[in-house]
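In what follows, a structure is listed as structure tokens, so that the remarks can point back to it.
Just so it is clear, none of the values below were taken in a lab; they were calculated from the coordinates. Predicted, not measured: the structure shown is a model, and the values here were computed from it. Glycine also receives a Cβ, built like all others from the backbone with ideal geometry; neighbour counts cover every protein chain displayed.
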Amino acid sequence: MERNEPGEPSSPDPDDEKFWTYGTQFGAPATPWWASLSEDRVDDELDGDDDWLAATAPLPLPPEDRLWRHPSELRGLVGAGQNPAPTTAEASLRRGLLVTTVAAALTGAILAGAAVWIIAPARQVVTERVIERQLVERPTSIVNASLNGIDVVAIADTVKPSIVRLEVLGAIGAVVGSGSGVIFRDDGHVMTNAHVIEGARAIEIVLSDGQRLAAEQIGADALTDVAVIKVEADRALPAILLGSTTSLRVGEPAIAIGSPLRLAGGPTVTVGVVSAIGRTLDLPNGGRLFDLVQTDAPISPGSSGGALVDGNGALIGLTTVIAVSDVGAEGLGFATPIEIAHDVATNLVMHGRVDHGFLGVGGDDLGRDLALSLGLEGGATITAVGDHTPAASAGIAPGDIIVAVDGIPVLTMGELVVRIRRLDPGDTSKITLVRDGEQITMSTKIVSRPG
């Protein structure tokens, strides 16, 4: 059976069997409901209007709860193409049904929510807010960002143009390694680490402004892990200001600037302090680095050969080594002091190689207790003397304690090694030592380091 459009009154068809049995479907008598009326006329609605019809005319079904009706129920009452308005009773009925439906839905939702709240386990709901903010004006506190009164932003702006990114190319022209470098001469000479350019077939550098230049390898010194490359530019390049570690103290600000992980966009700046000086590190290849500056300024892989500068923006070291464990970097970085790096770099530029001074001794740091008993601040205790070496010629013997070279105090074995290496072969040097409680000074001729 089809249904008529909502709101249309029905007109029963007397020939339709279902018309006469409608009442029986709900347990009512089968006799039509209007048969008991005595009037000759009946009103088709209980609305008080005088829309009387003859008692013999087909009448609509009584008010019921159906909102949809069959089109045949409208025959005889509604002409073709007409859409009569709902009666007052039907409108009231529909409004009542609508209110009842909405109320039932709201009640069901409330009851369902209450049930979920009672049954579900209690848990804390964390709300995360996303806030968009636009920086209209740069705050003064950022512009004047400082560390112990040091203007880090100004230092970074000054130093970054002197830092370059190195890309090491292999046999087929692919990048096989990367690192950092420091421009120390405006004619295009750049300092970096020897291990960065080891095995390179070609080298390119990327300036802080993104310009790429081909580089030529000038030389490398594995003993100090210092190397020099050179680029040809159409202008003078910004050379970094050279500093000194002679008066450097633990706790002073230290700023590391390099180009880690081949990241584009210019050098990376990290800030820390000088954690220690005079560190000695054994390398995996069997070598040993002496007199290193330790810092807690983060130094990431790829920053090797970068700059460690002081609070004046002056270069105090070439970042060389980071401490790494199974869980990553340990927050310990080490830099080759600028005095060593610059001496080696100058020799590489002038001669293409480095002749390190050689004395021919082995030893350890003087123990603290022995130093106190002898009234010494420190020294290098000699444990071995090589045959046919300058030390043997001077009469230096195991057990001697070297405390100065050319009048400059030596407090550790590392300082002695660095001091001797920086001497030019052929120079005569005065060695001051303590033997059996007595201080002795002797002269010896420094030679080139064998091999």
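Points worth noting:
- Ala236-Ser373 FRET efficiency (beta carbon distance; Förster radius 56 Å; 0.05 resolution): 0.50
- Radius of gyration over Kirkwood radius for the range 356-448, both on Cα atoms: the Rg/Rh ratio is 0.94.
- Annotation: the residues Asp369, Asp151, sorted from fewest to most other C-beta atoms within 10 Å of their own C-beta, follow the order Asp369, Asp151.
- Taking Lys and Arg as +1 and Asp and Glu as -1, the other residues whose beta-carbon sits under 12 Å from that of Ser178 total 0.
- Applying 1/(1 + (r/R0)^6) with R0 = 35 Å to the Cβ-Cβ distance of Ala222 and Thr158 gives a FRET efficiency near 0.65.
- Cα-Cα separations in the range 233-383 greater than 20 Å, expressed as whole percent: 58
- For the range 145-354, the Stokes-Einstein estimate of translational diffusion at 20 °C and a viscosity of 1.002 mPa s comes to 128 µm²/s, using the Kirkwood hydrodynamic radius over alpha-carbon pairs.
- You can think of it this way: the chain between Asp427 and Ala202 has 77.3 nm of extra reach, that is 0.36 nm per residue less the Cα-Cα gap.
- Fewest-first ranking of Val152, Val403, using other Cβ atoms within 10 Å as the exposure measure: Val152, Val403
- Whole-angstrom gap from the range 378-399 to the range 209-233, using each part's C-alpha centre: 38
- Cβ crowding within 10 Å ranks Leu374, Leu289, Leu416 as Leu374, Leu289, Leu416, fewest other Cβ atoms first.
- For Ala194, net neighbour charge (Lys/Arg +1, Asp/Glu -1) across residues whose Cβ lies under 9 Å away: -3
- Around Ala345: net Lys/Arg minus Asp/Glu count, Cβ-Cβ under 15 Å: -3
- Based on the Kirkwood approach, the hydrodynamic radius assigned to the range 209-311 is 15.7 Å, with every pair of different Cα atoms included.
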